[in-house]
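The values are calculated or read from the model by the stated rules, or taken from the named source; none is laboratory data. Quick caveat, the model's predicted, so the values are computed rather than measured. Note that each Cβ is placed from the backbone with ideal geometry, even for glycine, and that neighbours are counted across all protein chains shown.
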Amino acid sequence: MITLRSLFNSIREWTEGLLTGWGMPADWAFLTTEILVWVVGVVFAIAVMMIAALVLVYLERKVAGYIQARLGPMRVGPIGLFQTPMDAIKLLVKEDIVPEGADKILHTLGPVLFFAVSLMAWLVIPWDKDVVIGRIVDQNIGLLYLLGVSGITVIAILMGGWGSNNKWSLIGAVRAGAQMLSYEIPMLLALLCVVLVNESLALADIVQGQSGHGLLSWNILKPWLWLPALLFIIAMFAEVARQPFDLPEAESELVGGYHTEYTGMKFALFFLGEYANILLMSMVVSVLFLGGWTSPFGPADTFIPGIIWLFAKAGLLVFFVLWVRWTLPRLRPDQMMTFSWKFMVPAGFLALAITAGAVALLPFA
């Protein structure tokens, strides 16, 4: 059976053997091969990111239609399958409009940085056993890298809001900055709980720590990690600015929030980056608490590739995110901040204390 791991290893071995046969020194052949495999991995991540964003847009429209007792897209293609690609083409050909008085540099760099950061975070996702695009990064500081890169998203949104010369955009950007910085604290505390249990910052090691007995080894079934899992999932909604935390782009209050003044491809970069982040964070939850690429049936399951299990778990979480959006109302800004600082942060420290106690007192924790 051809797996993602065997495919990457085959590319690596074939390329290294070819370069060595051409007379290149072994060290240079190894370095060149790693760079080429990294490029292939980045192209793979971009393709996954783009396809996933398009699929998620279509699924959200269908899920919203189902929840609201309507059909959703039906006219363009069979059951509306071509509606999202047509929307993408429409955005590509639309005129790029920059408001008068806007900072053109910040206005342009904002969506570009937002999309680039969304792509960078995919480097440390373990797709399958020993298949991580940024293997060197994930071996040492995978979680720290993920947190650092996700923090740059705030800068991209602030650039877009400030550079638009629009008060609604600026308010949306400031809301996004306050929201993301506030909810990163309980998210970090939840991550520390997982690190304590698995004794590693590498996402691949965290998955390996859940691979012993299938479903029973997953972190989500460990009682001392129930509260961290809940905190992380709530913080995930705030990080990707989804309802009930979609205050940075609240249409009823801010027109469109930080991307009010964006058209065409620039708007598309914000739009695709947001949906790619939903899938990314769903994959991170799958890796941290649901066993990542491991099968719920344990090592005996050799028929389904790990990447299929990873996408299946992430898909269920994506459906949950869409379900919540069309079910819960939006919070007020003061309610959002109060919930973070008065409930989420204290609960995060409590979760850390419980996890530390479990690790210290329970030999099997």
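Among the candidates I105, I97, I89, which residue alone is without any contact (Cβ under 8 Å) to a residue 12 or more places away in the chain and either surrounded by fewer than 16 Cβ atoms within 10 Å (Cβ to Cβ) or not in a helix (DSSP H, G or I) (or both)?
Numbers: I105 fails: without any contact (Cβ under 8 Å) to a residue 12 or more places away in the chain; I97 fails: without any contact (Cβ under 8 Å) to a residue 12 or more places away in the chain.
Answer to the check: I89.
Hey, could you check segment 267-297 for residues that are under 9 Å from the mean Cα position of the chain (by Cα) and among the polar types (S, T, N, Q) and say which is modelled with the lowest pLDDT? Ranking the qualifying residues of segment 267-297, first place goes to N277. M281 meets all of the listed conditions (1) without any contact (Cβ under 8 Å) to a residue 60 or more places away in the chain; (2) surrounded by fewer than 21 Cβ atoms within 10 Å (Cβ to Cβ) but one, namely (2). Quick check, is L109 more than 21 Å from H259 (Cβ to Cβ) and of a type outside the set (G, A, S)? For L109, the condition - more than 21 Å from H259 (Cβ to Cβ) and of a type outside the set (G, A, S) - is not met. Which one of the conditions (1) crowded, with 22+ Cβ neighbours inside 10 Å; (2) assigned to a helix (DSSP H, G or I) does W127 fail to meet, given that it meets all the rest? The single condition W127 does not satisfy is (2).
Within segment 212-242, the residues that satisfy the criterion of being within 20 Å of L362 (Cβ to Cβ) and crowded, with 18+ Cβ neighbours inside 10 Å are W218, N219, K222, W224, L225, L227, P228, A229.
Filter segment 304-319 down to the residues that are among the aromatic types (F, W, Y) and over 14 Å from L280 (Cα atoms) and list them by number. Talk me through it step by step, then tell me what you get.
Here is the first cut: in segment 304-319, the residues among the aromatic types (F, W, Y) are 309, 311, 319.
The answer is W309, and nothing else.
Taken over segment 95-115, the residue count meeting the criterion of being of a type outside the set (A, V, I, L, M) and more than 20 Å from L272 (Cβ to Cβ) is 5.
Could you tell me whether R12 is farther than 30 Å from T327 by Cβ, in contact with a helix residue (DSSP H, G or I) (Cβ under 9 Å, 6 or more places away or on another chain) and either at pLDDT 70 or above or not aliphatic (A, V, I, L, M) (or both)?
Judged against the criteria, R12 is a match.
Just so you know, in segment 60-78 the residues that are of a type in the set (A, V, I, L, M, F, W, C) and either in contact (Cβ under 8 Å) with a residue 12 or more places away in the chain or more than 23 Å from W326 (Cα to Cα) (or both) include one that is surrounded by the most Cβ atoms within 10 Å (Cβ to Cβ), and it is V63.
For segment 239-272, the set of residues classified as closer than 22 Å to K313 by Cβ and touching a Ser or Thr at 6+ places or on another chain (Cβ under 8 Å) consists of E239 only.
The set of residues in segment 240-271 being over 18 Å from V57 (Cα atoms), of a type outside the set (V, I, T) and touching a Phe, Trp or Tyr at 6+ places or on another chain (Cβ under 6 Å) consists of F245, P248, L254. Of note, V63 does not satisfy the criterion of being among the β-branched types (V, I, T), more than 16 Å from F271 (Cβ to Cβ), at pLDDT 80 or above and outside any helix (DSSP H, G or I).
Taking only segment 212-234 into account, find how many residues are of a type in the set (A, V, I, L, M), touching a Gly at 6+ places or on another chain (Cβ under 9 Å) and at pLDDT 85 or above.
To start, the set of residues in segment 212-234 that are of a type in the set (A, V, I, L, M) comprises 215-216, 220-221, 225, 227, 229-231, 233-234.
Going one step further and asking which of them are touching a Gly at 6+ places or on another chain (Cβ under 9 Å), we end up with 215-216, 220, 227, 231.
Then keep just the ones that are at pLDDT 85 or above; that gives 220, 227, 231.
Residues in segment 212-234 being of a type in the set (A, V, I, L, M), touching a Gly at 6+ places or on another chain (Cβ under 9 Å) and at pLDDT 85 or above: 3 in total.
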